[in-house]
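What follows is a short report on a single structure.
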Amino acid sequence: MSRLALKSLTRLKWNTINIFLSKILTFMSFYVIGVKLNSRIYGIKSIAFIIIGLTDKCTQFRIAKGIRPKEVTSEELDSLFWFNLLLGIIVAIIMTLIIYPISIYFNFLILFYLIALSSISYLFKPMNLVFNALLQKEAKYKEIEEGKVIKSVLTKLSLIFFINLNFNIYSFAFSHILGVAGLTLYLCYIFKKNKMWLPSLNLNFNQAQQFYHLDKLVYLRNILNYLIENVHAVVIGLVFGYESLGVYNFAKNLLRKIGNTISQTFKDISSFFFKEARKDKLAHSGQYYLTFTKVISLLIIPISIFVAFFADDLLHFFFKHKWDDAIIMIRIFSIILVFDVFAKGFIIPGLYAFDKSREVLIKEMFFVPLSLILLIITAFISAEAVALTYLIVVVLKTNSTQILLNRVCGITSKAYYGQILSTIIISAVSITGTLIAKTLIFDLNIIYLGMIFSLTYMIMLTFKEKRNFLLLKQLVVNKG
């Protein structure tokens, strides 16, 4: 096996460990949040980290591909390091100064304190960006993935720890800082252990600027998507209060954590498939395309349908009656979940593989005014109505990009939607059987309902979809 293949397998192993640990700890921390905190605290946290997230998006310039540690001088790397750190400090100061008058205006100083405290992380984020860029150029994938594991574990465990110590809303800021700082210390250790470059006091702005590369389309798309994704939450917080925002984001984040896990599972395989299909290296690429559609739908659609029908049972089982207000929101986001997984795990990787980023941006910009118009109308009705506008925009946007991908790959809409329709039918039969069981046996909790649904669903899959799983296995073998 080649050296590159070994490194790729090592990266895959640590990436799998990172995803596994991260998701377990994420759901543990989310459970603690649901039990210990209320919707108001979670709403305040949501606004603060939406602002921090937007700042991150605005400052995420890609360091140019020209970084080659064996060719770039130590002085140039020093300049890049300190310039990036200076940029992070300036961003933290500007963000803190901007949020102070906003907090005063809304008579809500706790928002200022939370953001100001969290902005300490900008002392570490720029340094981590440089370290990771250098590790990427040296193909040290194991170290990169180990760093992700360390950051994830520190962030989630410290969040659980601080919440249990009754730090309440400040638990999010402390855990955020510890996770980023812990990653920085680990990367410094790796660079010192391997006798790699470490920064010294040398700063030349001209030397630093040559390493920055701004892909305007990708940059604009990331910011645009972030704004569209979060503007609904901001409106809910300002119009209906932080309690409603906490309920909205609790439902959204719960379903997103499930969706991101599935999206990450398919994203790399999807990217590989579309790149190979573009080069005509894969025979029967149309069949593989439909297979991907089928397998993703077989995984995400039943989860979505189950959550939508049994949202009340799920919340009562894990949180008693504390989050009953989130039931409708969870049902809305369970539908959004399907479209998010298809977009992130299949459609966008495919369109990017075919160099269609410009077309994606144009389509997404088309939905900005529509989203704002619907948002203005529903902001006078209820928080649930605002969530429905988000659902409508996500469905329309995902469908439009899917049609574009179908056209690029030569797949008809009839063939594509035929794959999804059969999955919906199977899931509908399974959910019907589960609802009948719940009606006949009144004291079934969510665990037994899940087992009945899963058993019914798997029995139907055994007879209906075996061939598609064999095709997917063949594709994965070809990738290896």
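Computed quantities for the displayed model
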| item | result |
| --- | --- |
| Cα-based shape type of the range 372-461, given that a ≥ b ≥ c are square roots of the gyration tensor eigenvalues and the cut on a/c is 1.5 | oblate |
| Surrounding net charge for Ser171, when Lys and Arg each add one and Asp and Glu each subtract one, Cβ distance under 13 Å | +3 |
| Length gained when the stretch Asn164-Leu435 is fully extended (0.36 nm per residue, less Cα-Cα span) | 93.8 nm |
| Flagged links, alpha-carbon separation over 27 Å, of Lys36/Lys142; Lys148/Lys294; Lys125/Lys257; Lys57/Lys192 | Lys36/Lys142; Lys148/Lys294; Lys57/Lys192 |
| Charge sum, other residues only, whose C-beta stays under 13 Å from Phe124's C-beta, Lys/Arg counted +1 and Asp/Glu -1 | +1 |
| Proximal charge balance of Leu444 [Cβ under 14 Å; K/R count +1, D/E count -1] | -2 |
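Throughout, read-outs are computed from the coordinates displayed, never taken from laboratory work. Given the structure is predicted, the values throughout are model-derived calculations rather than measurements. Note: ideal-geometry Cβ built from the backbone for every residue, glycine included; neighbour counts use all protein chains shown.
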